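Here the structure comes first, spelled out in structure tokens, and everything after it is commentary.
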Amino acid sequence: MVNHRRWRAAFATLAGAILMASPAMAGQEASLVLTDHKFTPDHISVPAGVRFKIRVTNNDVTPDEFESPALRVEKIVMPGQTITVLAGPLTPGSYAFFDDYHPETAHGVAEAK
């Protein structure tokens, strides 16, 4: 007779190990800072083919909005706050991002490699 509990436990352990070993879980993260309605840096490198995080800190005294239709991201960042967004997986290439409230000054590019 087959012990189904033992098989389920083994499967759950194996599935958890696979998820923990995936590149998306490896801590891939890029950081941006908004100061005077400009991103620093205005060009970031991100990994192609895996999910990754972008951390955005707003040092301005007004709200800003991190937006990128290409990355499928849109999030408000309140003054003095930091947000983290998940993006990807992306094919290699350039992906524009901007502050929707100040697009004339706050814009940049994420380069997936």
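Is it the case that some residue within the range 32-50 is under 15 Å from Lys113 (Cβ atoms), in contact with a Pro (Cβ under 6 Å, 6 or more places away or on another chain), not in a strand (DSSP E or B) and not aliphatic (A, V, I, L, M)? Taking every residue of the range 32-50 in turn, at least one turns out to be under 15 Å from Lys113 (Cβ atoms), in contact with a Pro (Cβ under 6 Å, 6 or more places away or on another chain), not in a strand (DSSP E or B) and not aliphatic (A, V, I, L, M). Does Glu104 satisfy being on the phi < 0 side of the Ramachandran plot, open to solvent by 50 Å² or more (accessible area, probe 1.4 Å) and free of Cβ contacts under 8 Å to residues at least 60 places away in the same chain? Yes; evaluated as a whole, the condition is true for this residue. The set of residues in the range 53-73 being under 16 Å from Ser31 (Cα atoms) and either open to solvent by 60 Å² or more (accessible area, probe 1.4 Å) or in contact with a helix residue (DSSP H, G or I) (Cβ under 7 Å, 6 or more places away or on another chain) (or both) consists of Lys53, Arg55, Asn59.
Where residues in the range 25-52 are under 14 Å from Thr84 (Cβ atoms) and open to solvent by 40 Å² or more (accessible area, probe 1.4 Å), which of them is modelled with the lowest pLDDT? So, considering only residues that are under 14 Å from Thr84 (Cβ atoms) and open to solvent by 40 Å² or more (accessible area, probe 1.4 Å), the one modelled with the lowest pLDDT is Gly27. Candidates in the range 78-92 are the residues that are part of a strand (DSSP E or B) and aliphatic (A, V, I, L, M); of these, the one that is most open to solvent (accessible area, probe 1.4 Å) is Leu86. Answer yes or no as to whether Ala110 is out of contact with any Gly (no Cβ under 8 Å at 6 or more places or on another chain) and either open to solvent by less than 50 Å² (accessible area, probe 1.4 Å) or in a strand (DSSP E or B) (or both). The answer is yes for Ala110.
The values are calculated or read from the model by the stated rules, or taken from the named source; none is laboratory data. Everything quoted here is computed from the prediction, not taken from an experiment. All Cβ positions, glycine included, derive from the backbone under ideal geometry; neighbour counts span all protein chains shown. Please note that ligands, DNA and RNA were not included when accessible areas were found on the heavy atoms of the full protein model with its side chains. Shrake-Rupley method; radii C 1.70, N 1.55, O 1.52, S 1.80 Å.
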